[in-house]
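This report concerns only the one structure given below.
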Amino acid sequence: MISSQILQSTIEGLKNIARVEFCVMDTDGKEVASTADMGNCSKQAVEFAFSPADSQEIQGYQYFKIFDEQQIEYVLVAGGSGEDVYTVGKMVAFQIQSLLVAYKERFDKDNFIKNLLLDNLLLVDIYSRAKKLHIQTDVSRVVLIVESENGKDNNALELSRTHFGTNSKDFVTAVDENNVIVVKDLSESESFKEIDKTARALETYLLKEGVKNVHIAYGTVVREIKEVSRSYKEAKMALDVGKIFFDERDVIAYSELGIGRLIYQLPIPLCKMFIKEIFGGKSPDDFDEETLTTIHKFFENSLNVSETSRQLFIHRNTLVYRLDKLQKSTGLDLRVFEDAITFKIALMVVKYMKYMETFDY
(Lines give C-alpha, C1' and ligand atoms only; values in the text may rest on other atoms or scores of the structure.)
Protein backbone atom coordinates (compact mmCIF):
# COMPACT_ATOMS: atom_id res chain seq x y z
CA MET A 1 0.00 0.00 0.00
CA ILE A 2 1.18 3.50 -0.80
CA SER A 3 2.34 5.41 2.28
CA SER A 4 0.77 8.63 3.57
CA GLN A 5 4.18 10.30 3.20
CA ILE A 6 4.18 9.60 -0.53
CA LEU A 7 0.63 10.92 -0.87
CA GLN A 8 1.53 14.03 1.14
CA SER A 9 4.57 14.73 -1.01
CA THR A 10 2.53 14.18 -4.19
CA ILE A 11 -0.33 16.54 -3.38
CA GLU A 12 2.04 19.22 -2.06
CA GLY A 13 3.93 19.13 -5.33
CA LEU A 14 0.69 19.30 -7.34
CA LYS A 15 -0.60 22.15 -5.18
CA ASN A 16 2.54 24.16 -5.94
CA ILE A 17 1.90 23.67 -9.66
CA ALA A 18 -1.89 24.12 -9.79
CA ARG A 19 -2.33 26.54 -6.84
CA VAL A 20 -5.23 24.45 -5.55
CA GLU A 21 -5.56 22.99 -2.04
CA PHE A 22 -6.07 19.23 -1.80
CA CYS A 23 -7.05 16.69 0.83
CA VAL A 24 -7.01 12.90 0.53
CA MET A 25 -9.41 11.02 2.82
CA ASP A 26 -10.20 7.36 3.26
CA THR A 27 -13.77 6.05 2.93
CA ASP A 28 -14.34 6.63 6.65
CA GLY A 29 -13.62 10.33 6.26
CA LYS A 30 -10.23 10.12 7.97
CA GLU A 31 -7.59 12.48 6.59
CA VAL A 32 -4.65 10.65 4.97
CA ALA A 33 -2.79 13.61 3.46
CA SER A 34 -3.65 17.30 3.11
CA THR A 35 -2.30 20.68 2.04
CA ALA A 36 -4.94 22.55 4.07
CA ASP A 37 -7.39 21.85 6.87
CA MET A 38 -10.52 20.39 5.31
CA GLY A 39 -11.79 18.50 8.33
CA ASN A 40 -15.25 19.97 7.83
CA CYS A 41 -15.47 17.98 4.57
CA SER A 42 -15.22 14.64 6.36
CA LYS A 43 -18.95 13.94 6.55
CA GLN A 44 -19.53 14.90 2.92
CA ALA A 45 -16.58 12.72 1.86
CA VAL A 46 -18.13 9.64 3.52
CA GLU A 47 -21.52 10.31 1.92
CA PHE A 48 -19.90 10.88 -1.46
CA ALA A 49 -17.82 7.68 -1.15
CA PHE A 50 -21.00 5.58 -1.06
CA SER A 51 -22.85 7.54 -3.74
CA PRO A 52 -22.96 6.40 -7.38
CA ALA A 53 -21.20 9.55 -8.68
CA ASP A 54 -17.48 9.56 -9.61
CA SER A 55 -17.18 13.28 -8.91
CA GLN A 56 -19.32 15.91 -7.25
CA GLU A 57 -19.31 19.56 -6.12
CA ILE A 58 -20.54 20.14 -2.58
CA GLN A 59 -20.56 23.53 -0.83
CA GLY A 60 -17.69 24.96 -2.86
CA TYR A 61 -15.49 21.84 -2.80
CA GLN A 62 -14.87 19.30 -5.58
CA TYR A 63 -14.97 15.61 -4.61
CA PHE A 64 -13.39 12.84 -6.67
CA LYS A 65 -13.21 9.09 -6.17
CA ILE A 66 -9.89 7.25 -6.43
CA PHE A 67 -10.19 3.55 -7.24
CA ASP A 68 -7.95 0.55 -6.76
CA GLU A 69 -9.10 -2.29 -9.05
CA GLN A 70 -12.72 -1.08 -9.20
CA GLN A 71 -12.76 -0.67 -5.40
CA ILE A 72 -12.93 2.88 -4.01
CA GLU A 73 -9.78 3.53 -1.99
CA TYR A 74 -9.70 7.28 -1.35
CA VAL A 75 -11.73 10.45 -1.77
CA LEU A 76 -9.89 13.50 -3.10
CA VAL A 77 -11.20 16.90 -2.06
CA ALA A 78 -10.13 19.94 -4.10
CA GLY A 79 -10.65 23.38 -2.58
CA GLY A 80 -12.71 25.64 -4.82
CA SER A 81 -15.31 25.44 -7.54
CA GLY A 82 -15.26 26.09 -11.26
CA GLU A 83 -14.18 24.32 -14.42
CA ASP A 84 -10.46 24.82 -13.81
CA VAL A 85 -10.56 23.29 -10.32
CA TYR A 86 -12.64 20.39 -11.65
CA THR A 87 -10.11 19.68 -14.43
CA VAL A 88 -7.15 19.92 -12.04
CA GLY A 89 -8.93 17.68 -9.53
CA LYS A 90 -9.58 15.01 -12.18
CA MET A 91 -5.91 15.11 -13.17
CA VAL A 92 -4.75 14.82 -9.54
CA ALA A 93 -7.16 11.92 -8.90
CA PHE A 94 -5.81 10.16 -12.00
CA GLN A 95 -2.22 10.78 -10.83
CA ILE A 96 -2.90 9.28 -7.39
CA GLN A 97 -4.70 6.33 -8.95
CA SER A 98 -1.68 5.70 -11.19
CA LEU A 99 0.56 5.84 -8.11
CA LEU A 100 -1.60 3.19 -6.44
CA VAL A 101 -1.16 0.89 -9.44
CA ALA A 102 2.60 1.48 -9.57
CA TYR A 103 3.11 0.87 -5.86
CA LYS A 104 0.89 -2.19 -5.88
CA GLU A 105 2.94 -3.64 -8.74
CA ARG A 106 6.10 -2.85 -6.83
CA PHE A 107 4.66 -4.55 -3.75
CA ASP A 108 3.65 -7.60 -5.80
CA LYS A 109 7.14 -7.84 -7.30
CA ASP A 110 8.75 -7.41 -3.89
CA ASN A 111 6.51 -10.12 -2.44
CA PHE A 112 7.35 -12.43 -5.36
CA ILE A 113 11.11 -11.91 -4.93
CA LYS A 114 10.90 -12.58 -1.18
CA ASN A 115 9.07 -15.85 -1.72
CA LEU A 116 11.48 -16.75 -4.51
CA LEU A 117 14.47 -16.22 -2.23
CA LEU A 118 12.92 -18.28 0.56
CA ASP A 119 11.93 -21.19 -1.73
CA ASN A 120 8.24 -20.68 -0.98
CA LEU A 121 7.08 -21.10 -4.58
CA LEU A 122 6.39 -24.13 -6.73
CA LEU A 123 8.30 -24.27 -10.00
CA VAL A 124 5.17 -23.71 -12.09
CA ASP A 125 4.22 -20.71 -9.92
CA ILE A 126 7.65 -19.12 -10.34
CA TYR A 127 7.33 -18.90 -14.12
CA SER A 128 3.63 -18.01 -14.24
CA ARG A 129 3.98 -15.20 -11.68
CA ALA A 130 7.19 -13.91 -13.25
CA LYS A 131 5.38 -13.67 -16.60
CA LYS A 132 2.43 -11.85 -15.01
CA LEU A 133 4.79 -9.37 -13.31
CA HIS A 134 6.85 -8.89 -16.50
CA ILE A 135 10.03 -10.24 -14.90
CA GLN A 136 12.48 -11.93 -17.25
CA THR A 137 13.19 -15.55 -16.34
CA ASP A 138 16.32 -16.32 -18.37
CA VAL A 139 18.76 -13.51 -17.55
CA SER A 140 21.92 -13.76 -15.43
CA ARG A 141 21.52 -12.66 -11.82
CA VAL A 142 23.49 -12.71 -8.59
CA VAL A 143 22.31 -12.18 -5.01
CA LEU A 144 24.11 -9.81 -2.64
CA ILE A 145 23.40 -9.63 1.10
CA VAL A 146 24.16 -6.41 2.96
CA GLU A 147 24.60 -6.54 6.72
CA SER A 148 25.13 -3.41 8.79
CA GLU A 149 25.01 -2.16 12.35
CA ASN A 150 21.52 -1.89 13.88
CA GLY A 151 19.91 -3.67 10.92
CA LYS A 152 16.89 -1.87 9.51
CA ASP A 153 17.11 0.97 12.05
CA ASN A 154 19.74 2.74 9.94
CA ASN A 155 17.49 2.90 6.84
CA ALA A 156 19.92 0.75 4.86
CA LEU A 157 17.06 -0.73 2.79
CA GLU A 158 15.85 2.60 1.43
CA LEU A 159 19.41 3.83 0.92
CA SER A 160 20.21 0.70 -1.08
CA ARG A 161 17.10 1.22 -3.19
CA THR A 162 18.16 4.79 -3.84
CA HIS A 163 21.65 3.62 -4.82
CA PHE A 164 20.41 1.15 -7.43
CA GLY A 165 17.59 3.42 -8.63
CA THR A 166 13.89 2.70 -9.10
CA ASN A 167 14.06 2.15 -12.85
CA SER A 168 16.70 -0.57 -12.85
CA LYS A 169 16.02 -4.28 -13.34
CA ASP A 170 17.57 -4.98 -9.94
CA PHE A 171 15.43 -5.91 -6.93
CA VAL A 172 16.24 -4.59 -3.46
CA THR A 173 14.30 -6.14 -0.59
CA ALA A 174 14.56 -7.68 2.89
CA VAL A 175 13.30 -10.96 4.33
CA ASP A 176 14.23 -10.16 7.94
CA GLU A 177 15.10 -7.18 10.13
CA ASN A 178 18.87 -7.55 9.84
CA ASN A 179 19.91 -7.72 6.18
CA VAL A 180 19.23 -6.04 2.87
CA ILE A 181 19.08 -8.34 -0.16
CA VAL A 182 19.91 -7.25 -3.69
CA VAL A 183 19.01 -9.45 -6.66
CA LYS A 184 21.33 -7.96 -9.27
CA ASP A 185 20.55 -8.20 -12.96
CA LEU A 186 23.75 -8.86 -14.95
CA SER A 187 24.72 -8.36 -18.56
CA GLU A 188 26.49 -11.14 -20.44
CA SER A 189 29.82 -9.31 -20.20
CA GLU A 190 29.74 -8.74 -16.42
CA SER A 191 32.22 -10.92 -14.54
CA PHE A 192 32.94 -11.41 -10.85
CA LYS A 193 35.27 -8.44 -11.07
CA GLU A 194 32.33 -6.20 -11.97
CA ILE A 195 30.15 -7.79 -9.28
CA ASP A 196 32.85 -7.11 -6.69
CA LYS A 197 33.08 -3.54 -7.94
CA THR A 198 29.29 -3.18 -7.57
CA ALA A 199 29.44 -4.50 -4.00
CA ARG A 200 32.25 -2.13 -3.05
CA ALA A 201 30.44 0.84 -4.63
CA LEU A 202 27.37 0.04 -2.52
CA GLU A 203 29.50 -0.30 0.61
CA THR A 204 31.15 3.08 -0.06
CA TYR A 205 27.75 4.73 -0.60
CA LEU A 206 26.25 3.32 2.61
CA LEU A 207 29.29 4.32 4.67
CA LYS A 208 29.12 7.82 3.20
CA GLU A 209 25.44 8.01 4.23
CA GLY A 210 26.34 7.14 7.82
CA VAL A 211 25.60 3.41 7.89
CA LYS A 212 28.19 1.68 10.08
CA ASN A 213 29.95 -1.69 9.94
CA VAL A 214 28.81 -2.65 6.47
CA HIS A 215 29.54 -6.21 5.30
CA ILE A 216 28.51 -7.51 1.89
CA ALA A 217 28.53 -11.10 0.64
CA TYR A 218 27.42 -12.47 -2.71
CA GLY A 219 26.73 -15.87 -4.24
CA THR A 220 27.46 -17.29 -7.67
CA VAL A 221 25.84 -16.15 -10.92
CA VAL A 222 22.65 -18.01 -11.88
CA ARG A 223 21.10 -18.11 -15.36
CA GLU A 224 17.51 -19.02 -14.50
CA ILE A 225 15.10 -17.30 -12.14
CA LYS A 226 14.37 -20.60 -10.36
CA GLU A 227 18.03 -20.68 -9.22
CA VAL A 228 17.99 -17.26 -7.53
CA SER A 229 17.35 -18.91 -4.14
CA ARG A 230 20.58 -20.90 -4.56
CA SER A 231 22.60 -17.72 -5.04
CA TYR A 232 20.86 -16.30 -1.95
CA LYS A 233 21.79 -19.33 0.17
CA GLU A 234 25.37 -19.08 -1.06
CA ALA A 235 25.50 -15.39 -0.14
CA LYS A 236 24.16 -16.20 3.34
CA MET A 237 26.85 -18.81 3.83
CA ALA A 238 29.51 -16.42 2.54
CA LEU A 239 28.37 -13.81 5.07
CA ASP A 240 28.65 -16.26 7.98
CA VAL A 241 31.87 -17.97 6.86
CA GLY A 242 33.39 -14.57 6.11
CA LYS A 243 32.89 -13.52 9.74
CA ILE A 244 34.78 -16.60 10.93
CA PHE A 245 37.70 -16.95 8.53
CA PHE A 246 37.85 -13.58 6.71
CA ASP A 247 36.91 -11.16 9.47
CA GLU A 248 39.24 -8.50 8.07
CA ARG A 249 37.26 -8.30 4.81
CA ASP A 250 34.12 -6.23 4.26
CA VAL A 251 33.20 -7.82 0.91
CA ILE A 252 33.35 -11.59 0.39
CA ALA A 253 32.25 -13.91 -2.42
CA TYR A 254 30.99 -17.47 -1.99
CA SER A 255 33.58 -18.61 -4.54
CA GLU A 256 36.39 -17.33 -2.27
CA LEU A 257 35.46 -19.34 0.83
CA GLY A 258 37.66 -22.34 0.01
CA ILE A 259 37.95 -24.99 2.70
CA GLY A 260 36.17 -22.71 5.16
CA ARG A 261 32.93 -23.57 3.35
CA LEU A 262 33.41 -27.27 4.22
CA ILE A 263 34.41 -26.65 7.83
CA TYR A 264 31.34 -24.45 8.37
CA GLN A 265 29.08 -27.41 7.61
CA LEU A 266 30.73 -29.77 10.10
CA PRO A 267 28.84 -30.67 13.30
CA ILE A 268 30.52 -29.39 16.47
CA PRO A 269 30.90 -32.88 18.10
CA LEU A 270 32.84 -34.04 15.03
CA CYS A 271 35.09 -30.98 15.25
CA LYS A 272 35.84 -31.65 18.92
CA MET A 273 36.65 -35.26 18.12
CA PHE A 274 39.06 -34.18 15.36
CA ILE A 275 40.92 -31.74 17.62
CA LYS A 276 41.18 -34.32 20.40
CA GLU A 277 42.55 -36.98 18.02
CA ILE A 278 45.20 -34.65 16.63
CA PHE A 279 46.28 -32.71 19.71
CA GLY A 280 45.10 -34.79 22.65
CA GLY A 281 43.86 -32.49 25.39
CA LYS A 282 45.48 -29.40 23.88
CA SER A 283 44.18 -26.84 21.43
CA PRO A 284 46.33 -25.55 18.54
CA ASP A 285 45.65 -21.95 19.53
CA ASP A 286 46.95 -22.41 23.09
CA PHE A 287 50.50 -21.67 21.98
CA ASP A 288 52.23 -18.43 22.96
CA GLU A 289 52.02 -15.39 20.68
CA GLU A 290 55.52 -15.90 19.29
CA THR A 291 54.75 -19.48 18.18
CA LEU A 292 51.39 -18.53 16.65
CA THR A 293 52.98 -15.63 14.74
CA THR A 294 55.65 -18.00 13.44
CA ILE A 295 53.03 -20.54 12.31
CA HIS A 296 50.85 -18.00 10.50
CA LYS A 297 53.82 -16.37 8.79
CA PHE A 298 55.12 -19.79 7.74
CA PHE A 299 51.76 -20.58 6.12
CA GLU A 300 51.62 -17.15 4.45
CA ASN A 301 54.95 -17.88 2.77
CA SER A 302 53.92 -21.32 1.51
CA LEU A 303 56.16 -23.19 4.00
CA ASN A 304 59.27 -21.36 2.75
CA VAL A 305 61.81 -21.33 5.62
CA SER A 306 64.14 -18.69 4.15
CA GLU A 307 61.40 -16.18 3.30
CA THR A 308 59.62 -16.69 6.62
CA SER A 309 62.80 -16.11 8.66
CA ARG A 310 63.53 -12.99 6.59
CA GLN A 311 60.07 -11.52 7.23
CA LEU A 312 60.23 -12.37 10.93
CA PHE A 313 63.71 -10.79 11.16
CA ILE A 314 65.16 -13.94 12.74
CA HIS A 315 67.97 -16.28 11.78
CA ARG A 316 67.03 -19.33 9.71
CA ASN A 317 68.29 -21.62 12.50
CA THR A 318 66.02 -19.84 15.00
CA LEU A 319 63.02 -20.62 12.81
CA VAL A 320 64.12 -24.24 12.42
CA TYR A 321 64.45 -24.47 16.22
CA ARG A 322 60.89 -23.16 16.68
CA LEU A 323 59.53 -25.64 14.13
CA ASP A 324 61.38 -28.51 15.80
CA LYS A 325 59.99 -27.47 19.17
CA LEU A 326 56.47 -27.37 17.72
CA GLN A 327 56.95 -30.84 16.22
CA LYS A 328 57.93 -32.26 19.61
CA SER A 329 54.83 -30.85 21.34
CA THR A 330 52.29 -31.73 18.62
CA GLY A 331 53.85 -34.50 16.59
CA LEU A 332 53.34 -32.42 13.42
CA ASP A 333 56.21 -31.13 11.31
CA LEU A 334 55.00 -28.04 9.45
CA ARG A 335 57.78 -28.52 6.87
CA VAL A 336 55.94 -31.64 5.72
CA PHE A 337 53.00 -30.72 3.49
CA GLU A 338 50.56 -33.28 4.94
CA ASP A 339 51.30 -32.19 8.52
CA ALA A 340 51.02 -28.54 7.53
CA ILE A 341 47.58 -29.16 5.99
CA THR A 342 46.42 -30.95 9.13
CA PHE A 343 47.62 -28.12 11.35
CA LYS A 344 46.05 -25.44 9.12
CA ILE A 345 42.69 -27.21 9.13
CA ALA A 346 42.90 -27.64 12.90
CA LEU A 347 43.44 -23.90 13.38
CA MET A 348 40.40 -23.17 11.19
CA VAL A 349 38.27 -25.77 13.01
CA VAL A 350 39.10 -24.21 16.38
CA LYS A 351 38.24 -20.76 15.05
CA TYR A 352 34.92 -22.11 13.79
CA MET A 353 34.17 -23.78 17.13
CA LYS A 354 34.87 -20.60 19.07
CA TYR A 355 32.61 -18.61 16.76
CA MET A 356 29.77 -21.10 17.14
CA GLU A 357 30.15 -21.07 20.93
CA THR A 358 29.09 -17.41 20.94
CA PHE A 359 25.69 -18.60 19.69
CA ASP A 360 25.45 -21.35 22.33
CA TYR A 361 25.79 -24.20 19.84
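Under 16 Å Cα to Cα from K65, which aspartates and glutamates show up? Leave out anything in the same chain fewer than 8 places away.
D26, D28, E31, E47, D54, E57, E73
Just the accessible area for D37, please: 1.4 Å probe, Å², rounded to the nearest 10?
Surface open to solvent at D37 totals about 130 Å².
Pick out, in residue order, every one of the chymotrypsin sites (Phe, Trp or Tyr not before Pro) in region 265-349 that is DSSP loop and has at most 11 other C-beta atoms within 10 Å; say none if there are none.
Those that pass, being in a loop and sparsely packed, are F313.
So how exposed is I113, as accessible area in Å² (1.4 Å probe, rounded to 10)?
My reading of the accessible area for I113 is about 10 Å².
For region 1-128, what is the accessible area per residue in Å² when the probe is 1.4 Å?
Accessible area per residue: 55 Å².
Which whole-Hz ³J(HN,Hα) couplings does region 75-86 yield from phi under the Karplus relation 6.51 cos²θ - 1.76 cosθ + 1.60, θ = phi - 60°, glycine and proline marked x?
After applying 6.51 cos²θ - 1.76 cosθ + 1.60, I find 10, 9, 10, 10, x, x, 10, x, 5, 5, 5, 4 Hz.
If you build the convex hull over the alpha carbons only and average its shadow over all orientations, what do you get for the chain? Give it in nm² to one decimal.
25.6 nm²
Below 8 Å between Cα atoms, with a sequence gap of 6+, how large is the relative contact order for region 1-158 in percent?
For region 1-158, the relative contact order is 17 percent.
In the structure displayed, which of K276/K325; K43/K104; K297/K354; K104/K208 lie more than 26 Å apart, Cα to Cα?
K43/K104; K104/K208
Anything over 19 Å Cα to Cα? Flag those among K90/K132; K109/K132; K109/K226, in the order listed.
Correct reply: K90/K132.
Counting other Cβ atoms within 10 Å, which chymotrypsin sites (Phe, Trp or Tyr not before Pro) in region 1-58 have at most 10 and lie in a DSSP loop?
Counting only loop positions with at most 10 other Cβ atoms within 10 Å, the chymotrypsin sites (Phe, Trp or Tyr not before Pro) in region 1-58 are F50.
Calculate what fraction, in whole %, of the accessible area of the chain sits on carbon and sulfur atoms when a 1.4 Å probe is rolled over the protein chains.
51 percent
The values are calculated or read from the model by the stated rules, or taken from the named source; none is laboratory data. Because the structure is a prediction, the values reported are computed rather than measured. Every residue, glycine as well, gets a Cβ built from its backbone with ideal geometry; the counts of neighbours run over all protein chains shown. We work out accessible area using only protein heavy atoms, side chains counted, and drop any ligands, DNA or RNA first. Shrake-Rupley method; radii C 1.70, N 1.55, O 1.52, S 1.80 Å.
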